[in-house]
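Worksheet: one structure, shown below.
The values are calculated or read from the model by the stated rules, or taken from the named source; none is laboratory data. In this text the structure is predicted, and so the values were computed from the model without any measurement. Cβ atoms come from the backbone with ideal geometry, glycine included; neighbour counts cover every protein chain shown. The protein model used for the area step is the full one, side chains on, heavy atoms only, and it has no ligands, DNA or RNA in it. Shrake-Rupley method; radii C 1.70, N 1.55, O 1.52, S 1.80 Å.
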Amino acid sequence: MDALELFICASPELQALLRDAARVAPTDATVVITGESGTGKSLLAHWLHDHSRRAAGPFVVIDCGALPETLLEAELFGFERGAFTGASAAKVGRLEAAQRGTLVLDEVAALSPSAQAKLLRVIEERRVMRLGGTRPTKLDVRLIAVTNLDLAGAVARQAFRADLFHRLNVVTLEAPPLRARPGDIAPLARHFLTQIAARHQLPLLTLAPETARILERYDFPGNVRELRHAMERAALTTGGKVIHPEHLPPRLTSAATLMRHPTRKPTLAELETAYVREILQQVGWRKAEAARILGISRKNLYEKLRAYGIPYRPSDPPDGNASDSGPSA
Ligand SMILES: Nc1ncnc2c1ncn2[C@@H]1O[C@H](COP(=O)(O)OP(=O)(O)OP(=O)(O)O)[C@@H](O)[C@H]1O
Ligand SMILES: [Mg+2]
């Protein structure tokens, strides 16, 4: 991830979050960032670092969920030569590597009880000791803990130490799911299209109004990451400069998806539009075949296309893979 990557925040919900983040960024307060997968927690952690007094220092991320317990402790605390079999040379841990900078503990709930106990000691004493070491090093590191689990719940279940939780949880920033802040959807989609166009040297791509409407009422279980993947797929499948609904992954546009939305129930016309589009896409826009599946006459199908503003053929000539399911989120 590049430093100072653009942080899109158009919705009042995200603006409130960023205001809170701006208040704590310049302090050395330990921050816990929570939120569903793909909501922008990692980006927010980076933003905090970039807007802190430590911005010129190192930004170090350790993914606590990705490393087995023994490796994780060696990674975090480092070790001296001979600390254990195979430790043929000393190694600086990530805590030390983050001196005068920020250390992000990603998926912090995955820390083992033993790593939790050691980390607590490091935070309390502000000193770190390498495995097998004898002299502690003074530590000047800002900690950010990231989790998509409910950490307080993990404490209640005794899966996470309460004392460590309270040490870490000085400030909590909660990244809201994308479906709870629809005002960010179109601006984020445009931001990703701009990025993609620049990266692939494509002409600037825009969203058709109907595409924006469909995106705004989709519930995005994969949050911002799912939106980014959908835009990448759309950019590569459209032959033109406009993203039309048929360039979106089918799961975003299907009638079933519309019906599943927790709060915004579709009208009959919206359902019918989505279903007609879905069937047309499935049969490669062969009208006779679509009419047969829909149980209506071809004349009736054409009337519906006119009434609902559905094009008679895909809006842009597909480049040969417009009907596959594309990269999934
Ligand atoms: N507000 C935003 N502005 C611009 N890009 C964003 C924003 N929020 C998220 N993104 C982008 O969406 C993708 C997912 O975000 P990120 O990796 O930060 O999510 P996460 O919450 O850390 O996910 P996970 O729980 O899976 O680690 C990234 O490519 C990120 O750059
Ligand atoms: Mg992340």
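Summary of values
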quantity: In region 129-150, residue farthest from ligand 1 (Cβ to nearest atom) [restricted to those that are surrounded by fewer than 22 Cβ atoms within 10 Å (Cβ to Cβ) and of a type in the set (Ser, Thr, Tyr)]; calculated: 134
quantity: Helices (runs of 4 or more DSSP H) completely within region 1-101 that count 2 or more residues being within 16 Å of ligand 1 (Cβ to nearest atom) and crowded, with 19+ Cβ neighbours inside 10 Å; calculated: 12-24, 41-50
quantity: Counted residues, region 245-277 - those being within 25 Å of residue 232 (Cβ to Cβ), of a type in the set (D, E, K, R) and over 21 Å from the mean Cα position of the chain (by Cα); calculated: 3
quantity: Tally, over region 242-265, of residues that are in contact with a Leu (Cβ under 6 Å, 6 or more places away or on another chain) and free of Cβ contacts under 8 Å to residues at least 40 places away in the same chain; calculated: 1
quantity: Residue within region 290-297 that is open to solvent by 70 Å² or more (accessible area, probe 1.4 Å) and modelled with pLDDT under 90 present; calculated: no
quantity: Residue match in region 55-68 (condition: out of contact with any helix residue (DSSP H, G or I) (no Cβ under 8 Å at 6 or more places or on another chain) and modelled with pLDDT of 95 or more); calculated: yes
quantity: Set 100, 81: member being of a type in the set (Lys, Arg) and at pLDDT 95 or above; calculated: 100
quantity: From 148, 169, residue being over 15 Å from the mean Cα position of the chain (by Cα), closer than 22 Å to residue 25 by Cα and in the same structural domain as residue 70 (by TED's automatic domain parsing); calculated: 169
quantity: Flag if residue 204 is without any contact (Cβ under 8 Å) to a residue 40 or more places away in the chain, away from ligand 2 (no atom under 16 Å from the Cβ), open to solvent by less than 10 Å² (accessible area, probe 1.4 Å) and at negative phi; calculated: no
quantity: Test: residue in region 157-169 that is surrounded by 14 or more Cβ atoms within 10 Å (Cβ to Cβ) and within 16 Å of ligand 2 (Cβ to nearest atom); calculated: no
quantity: Which numbered condition residue 50 misses (of (1) modelled with pLDDT under 95; (2) of a type outside the set (S, T, N, Q); (3) in contact with a Phe, Trp or Tyr (Cβ under 9 Å, 6 or more places away or on another chain)); calculated: (1)
quantity: Inter-residue pairs, beta-carbon under 6 Å, first modelled with pLDDT of 90 or more and in region 136-156, second away from ligand 2 (no atom under 15 Å from the Cβ) and open to solvent by 50 Å² or more (accessible area, probe 1.4 Å), 6+ apart; calculated: 136/127; 136/129; 138/127; 139/126; 139/127; 140/100; 142/28
quantity: Count of residues meeting criterion [away from ligand 1 (no atom under 16 Å from the Cβ), out of contact with any helix residue (DSSP H, G or I) (no Cβ under 8 Å at 6 or more places or on another chain) and of a type in the set (A, V, I, L, M, F, W, C)] in region 159-208; calculated: 1
quantity: Matching residues, region 239-273, being part of a loop (DSSP other than H, G, I, E, B) and either open to solvent by less than 10 Å² (accessible area, probe 1.4 Å) or within 16 Å of ligand 1 (Cβ to nearest atom) (or both); calculated: 248, 249
